[in-house]
Structure formats: C-alpha cells, structure tokens
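The structure appears right after this line, and notes come after that.
The values are calculated or read from the model by the stated rules, or taken from the named source; none is laboratory data. These figures come from a predicted structure and were not determined experimentally. Counting neighbours? That spans all protein chains shown, and the Cβs are built from the backbone with ideal geometry, glycine included.
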Amino acid sequence: MAAKHTTTSDTFGRHTATAVPYKVLDPNGDMDIYARKSVTRKGSRDTELSVGQQIGDGVSWGERNGYRPRYVWVDNGISGSKDVQRPGYDAGLDALESGATRCLWSYKLDRFSRKGALAVLTIMDRLEGRRIFFGADNLDTSNPKDRRMIMWRAEDAKEFSDQLSDRVSDAWRFSKDQGFWLASKVPYGLRKVKKTRKLKIDNSPAIPGKIDGPTKADVIRRIIRECEMGITGPQVARGLNADGIPSPGGRNWIPTHIYKILKNPAYIGYQPSSDWDDRDDPIHRDSKGKRVRVGEVLVTEAQQKRARKKVTGRTALLGVRPTTKGVRSVPRSRLAGLLFCAGCGYVMIKQGASYACRHKLRAIGCDNPASVQAHAVEEIVFEAWASRLAASEPDSPLIEAVAARWLASHRPDVVTDRKALQERVDDAKAALEDLTAARYKRKEFEGPAREFYPALLAEAEAELKAAEKALNAAPKHTADIGYLLDSALVREAWEKAPVEQQRELLGLALDGVCVRRTFAAGRTKVTSDRFHFAWAGAPRVIEPEQPKTKKAKKGKKRKKVTTEQFTQAA
C-alpha cells in the first residue's frame, strides 16, 4: 500500500516530501530506491516494468555494489514529463541532498525524469559526492564519462515524450472532428452509444424507479421551455427539487446546472469545444471551420438560444454575479430598446404612461430631452412598420434583411453554417491572392524556389473550388414571413402576440426610431413628423435640423442627432 505524503518547499522551490516511504528495507541503510510507473492508456500495450520488478532490480544492484537499501520511494501512475507534484521523486532527492543516503537508484533514466537534459543537469550539479545510478542504462552521475551520455539519454526521453504527446493530441483532434464523444461524463439527458461513440437521447426515468414519470430528456426540454417563458434559473431549480427530480449528481438542482444546460451545444447535437462554458462560441469546429455534429438533437438551437437570451438578460450565464445589484428583469414595454432621443441619441425608457429620454429623468446631459405618450407612439410605430412591410417588394433590401433576421432567430443553425462556409470561401480567396502577390509582386518565388510555386498554386485553387462547391451545395432555407406582407394578417398576428413577441416582430424591420422633442405649449397631439425611422437594409440619412423656435433663440441651442450617433445608439 502506497504511503501518504505531506509536502513543504526546499531552497530550490521544489516540493520536498516529509513522508512515510513506500517500503522500509533497512532503516540504517545508505541507499534509496526510486520507482515510477506511468498511467497505461486504455488499448495500448503496457511495456513498462512494474514497480515491484523495479524494486527487485534495485535491491539486487545495491547488494552487489556494497550498499544496504534503506527506503523505497514510489510514484505510481504519475507522469515524468509534466509539471506535476511527484512525492516519491521529491522525497528521494531530498534524502540524497540532505545526506541521509549516499546513493539513489532508479531503474532507468526515463523513469527518473522526462523533462530533458537541463533538468537532470541541475540535479547532478548539486550532488557533491553523492550519486544517482540508472540501472538499465548502466549510467552513473558520479562518473564523468557518463555525464555526456546522461545528457543525451535525458534529451531522448524528452523527445520521445513530446512525440507521444503530439500523437495523442493529433488522435484526440481527429476523433473530435469525427464527432466522437470523448469526455468521460455524458451530459444529463443524453447517453453515449458505445459502438458508435455518438450521443443519443436518454429516455430513462428522471426519478429512479418511477417508470411512468418524466424521463431525463423530458427534464431538459422542461428546463428550456420554462426559461423561454421567462422563469429564472433559481425558480426552475426550485421547481425541479419540489417535484423530487434528482440533479445530474443525484442531489438538489442549483442554478449553475440550469445555466450550463442553456449553453451546452451537445443538447442541440453539436460537439462542444474545449472549455466551452467559457467561450462565446461553445461549438467545436473542424480544420475547415465547420461545426461538428456529435449526436441526436434534444432541443433545437433556436429554442436553446431564446432560453439563453432570456436568462442572460437578468444575470451572467454560468452563475456569475450580475454587474448591478439585484436581479434585472426582462424588458416589458413594446418599444424597449427601439426609441432614441433626438436631443442626445440615447435610448428612451418607459416611465409611467410615457417614453422619456433617460437624461430628462435625471435632469442632466441632454439639451432637448424628448418624451412621448406611450399608447400614441406605439400605435404610430406599428402603423409605420406594417405599412412599410406591405408596400415593400419581395426582393427589396428591407424584406431581405427581415428574412435574414427571422432565420437568425428561428433557424440559427442555418445562418451559422452558411456563415462558416462563406468564411471558408473568403479565406481561400485571400490565400490565393496572397500566393499570387508573393509570386508576382513580392518576388518570393525567384530562383530555386520557383519550382514550388505551381504545386502551391494548384493546392490553393483546389481549396477555393472545394469551398465554393460546399457553399453552393448547402441548402438555402426560406423564411416564413409571408403573413408580414399582408396588412390584414399582420394586424391579426400583432393583436394575438404577447408584448415580447411584438417587440421582436418590430425588430425584424426596425433598427430604431428617433424621437424629436415638441416645443408646443400644453398637451399636443402626437404626429408622425416627430419620428425618424431607421429601417433594416436601408442606409442611414441625416435628418435636416428643424427651424429654431422662439425658445431656441433665447440662447438654448438644439442638438441634432448625427448619422454616426444614431447608428451607434441603434
């Protein structure tokens, strides 16, 4: 049984072990034995000598050479190349450096260290009369003739370790690009098929023993559905606990479980990238930039995206504390984020029965803060939006922009895939252009290098053709927005839609609405000439400044909204 270790640090910054050795042979001995065995990878042939065999060889060598083996130090299943703590290694060197023993025996140099010549040389220079003997290599640090060979062997061991690491990394990347699930844990609600190494939907009971209850896949669908409805992560977790459904770890659900489900791409059928929970784009892409499928789709990408959008409107996705104190609610007004004040260019917010410039509410920062009755502006914006859509041709820039936004919201997988394919085409064109410039402008393929140019050119042209072929072969999905072009149908859809969906409908065609302040005395009727609409797919224009009013002539200048200011605000 391996001993337990406690560690401190020596003068060289290395962890030294003040520990019970793996085995005590003779407390009064003058030689220690160090043995190490790495972790054997599943499916690979184990060619390393066992710890017991190494110890036996060390004892035999010590007896033949006049030593009495004292302690045996062991690191079992620990790498010799990585910067990890090795208690047995540290304890053996500490005993040697402190003078507790005269010799440290190791079966082979690559069992001792795979960090290269510099690491071994640093140790050798500190021995001063003591020795390390590598049995299978027949190398002795106290023998000057062996010094150079030890350096060579140490570098060979490091090179082998580096090559092995590269092969493992290459095999890992290849398997991940093939869509194989490699992680030891499988996301809750999914299961791994051993034969294909792909993920499938897990329809096993979520409550152990309750066959007629919800399945684990049903629980994931419930979480996504409730988050889409605006229910918070803590509320979802409390509901699952109240229903007696165990969490993935078998205990109670917590908000972090919910947040990870909302971002994990495995639930929408895609391979997660490394450290996916810390990335803006959590989906793994192959060498050509294409997203990799890993199994069945449990929820659609659009559903997961909408649920995540709801949650991120209140707090950070994976449970990080919000930037402001308290919980931020989801916007509840129809025109939230769409109205902008002409006096300062900043967004207007709803206060009571009106939308007002936020600077007006704080009485700072805006010369001409705008405000407008909510019911009036909402009706004007809807009428302008519906009329503009009904009057637009199907191939107009506005309708094309609306269709693109609808697809981005309802079919984000289609948009993302085509974007990746287009980026591949753009990269191939850029590479071909750079190669041509290198040949004819920068003159990099002159002299002997000229013979390499035709092969590189053929490779670049082949990649461009393959990228264009993949883009052309990708399916082009159409957006189901026909009802938006019919004034009667759109009115009916508008009246039935909840406030949040109404806001999303407006956002398909509108980037924003700029509101001018009125200078008339008393309450006046809200008219459309106070608004400037920024339509999707249309270039921004600078509105002409209104004539100065009497109030403005008294020394208060009006501030107009520039194109750049309004575009940035929108």
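Structure above, values below:
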| read-out | value |
| --- | --- |
| Test: residue in region 240-263 that is under 18 Å from the mean Cα position of the chain (by Cα) and of a type in the set (D, E, K, R) | yes |
| Close pairs (7 angstrom Cβ cut-off, 6 or more residues apart or separate chains): within 23 Å of PRO87 (Cβ to Cβ) in region 59-76, among the hydroxyl-bearing types (Ser, Thr, Tyr) anywhere | ARG70/THR101; VAL72/TYR22; TRP73/TYR22; TRP73/TYR34; VAL74/TYR22; ASP75/TYR89 |
| Tally of residues being among the aliphatic types (A, V, I, L, M) and crowded, with 19+ Cβ neighbours inside 10 Å across region 172-198 | 1 |
| Filtered residues of region 211-225 (kept if under 15 Å from GLY250 (Cα atoms) and not aliphatic (A, V, I, L, M)) | THR215, LYS216 |
| Long-range neighbours under 8 Å by Cβ, at least six apart or interchain, first residue in the same structural domain as GLY92 (by TED's automatic domain parsing) and touching a residue at least 60 places away in the same chain (Cβ under 8 Å) within region 22-33, second polar (S, T, N, Q) and not in a loop (DSSP other than H, G, I, E, B) | ILE33/GLN54; ILE33/SER106 |
| Helices (runs of 4 or more DSSP H) wholly inside region 441-516 containing at least 3 residues that are more than 30 Å from PHE533 (Cβ to Cβ) and aliphatic (A, V, I, L, M) | 453-473 |
| Evaluation of SER274 against (1) out of contact with any helix residue (DSSP H, G or I) (no Cβ under 8 Å at 6 or more places or on another chain); (2) assigned to a loop (DSSP other than H, G, I, E, B); (3) modelled with pLDDT of 85 or more (one fails), failing number | (3) |
| Output for region 478-499, where each listed residue is at pLDDT 75 or above, under 20 Å from ARG334 (Cα atoms) and surrounded by fewer than 17 Cβ atoms within 10 Å (Cβ to Cβ) | LEU489, ARG491, GLU492, ALA493, TRP494, GLU495, LYS496, ALA497, PRO498, VAL499 |
| One residue from ALA217, ALA237 being assigned by TED's automatic domain parsing to the domain that holds LEU298, surrounded by 16 or more Cβ atoms within 10 Å (Cβ to Cβ) and either assigned to a strand (DSSP E or B) or in contact with a strand residue (DSSP E or B) (Cβ under 6 Å, 6 or more places away or on another chain) (or both) | ALA217 |
| Single match in GLU444, GLU461 (criterion: over 35 Å from the mean Cα position of the chain (by Cα), within 16 Å of ALA431 (Cβ to Cβ) and either surrounded by 10 or more Cβ atoms within 10 Å (Cβ to Cβ) or at pLDDT 80 or above (or both)) | GLU444 |
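Listed here are the residues, each with its yes/no results for (1) within 30 Å of SER528 (Cα to Cα); (2) modelled with pLDDT of 85 or more; (3) part of a loop (DSSP other than H, G, I, E, B).
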residue: GLN304; (1), (2), (3): no, yes, no
residue: LEU318; (1), (2), (3): no, no, yes
residue: SER329; (1), (2), (3): no, no, yes
residue: LEU335; (1), (2), (3): yes, yes, yes
residue: PHE340; (1), (2), (3): yes, yes, no
residue: GLY345; (1), (2), (3): yes, no, yes
residue: MET348; (1), (2), (3): yes, yes, no
residue: LYS360; (1), (2), (3): yes, no, no
